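Working notes, structure below.
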Amino acid sequence: MFDTFFIKNLKRPLHSSALVIDKCGVKANWITVLGFVVGMMAVPALYFEQTGLALLLIIMNRLMDGLDGAVARVQGPTDLGGYLDITLDFIFYSAIVFGFALMNPLENALAASFVIFSFMGTGSSFLAFAIMAEKRSIERLDYGRKSLYFLGGLAEGSETIAFLVLICMLPEYFVWLAYGFGAICWVTTATRIYAGYRTLR
């Protein structure tokens, strides 16, 4: 929901940083993989209930996720880079939630399972329609005077990051936050399926 706002406002500083990184000879895919490794280190941190450290690692991962795309635009985007970016992001998001299940299996496991289940809805509806949209050269969905971008929804990247930050800052409320965010994900999934049906039928 807020992705467009953040993309617009972070574009210039990310581009400036990307120019410096490119001059150092660092490849975009290197940043993607390093960011993933750093982010995955949050899982053992969560297992040992080090939520502050996990939060730091999550923030580092997200910063590198922004940088890899900016560097790729400077160096020239590749199919491999896009593939790695999407795949590793989905694994990372689910891994953080899984880390909370490891932290407290008795209280957190069911709620964590619900969030990962909801990620399957948002992820599949996002990627399946993106394939069809690419095939038909669709950039956005038009309904009269309103437009719904096919990648949109209540639960996008910005909202997912906010959720991960919140559960690290308020781990005692993980169950309630997880069920709430999972419900938002299912609303997003439903609207995407409806939009896809309206467009592709």
Convert each backbone phi in the range 125-131 into a coupling constant with the Karplus relation 6.51 cos²θ - 1.76 cosθ + 1.60 (shift: θ = phi - 60°), then list the ³J(HN,Hα) values in order as whole Hz, x for Gly and Pro. 5, 5, 6, 5, 6, 4, 5
Which value, in Å³ per residue, describes the convex hull spanned by the Cα atoms of the range 3-200? 121
Efficiency of FRET from Cβ geometry, LEU166 and LEU34, R₀ 22 Å, rounded to 0.05: 0.30
Once you keep just the Cα pairs under 8 angstrom separated by 6 or more residues, what percentage relative contact order results for the range 57-142? 16
³J(HN,Hα), Karplus 6.51/-1.76/1.60, whole Hz, each residue of the range 191-200, x for Gly, Pro: 5, 5, 5, 5, 4, x, 5, 4, 7, 9
Within 10 Å of each residue's Cβ, count the other Cβ atoms and sort PHE163, PHE90 from fewest upward. PHE90, PHE163
For LEU63 paired with ASN104, estimate the spin-label separation in nm (one decimal), with each label point 7 Å from Cα along the Cα-to-Cβ line. 2.9
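Computed from the coordinates by the stated procedures, all read-outs in this text should not be read as laboratory data. This structure is a prediction, so every number in the text was calculated from the model and none was measured. Backbone-built Cβ (ideal geometry, glycine too); neighbour counts: all protein chains shown.
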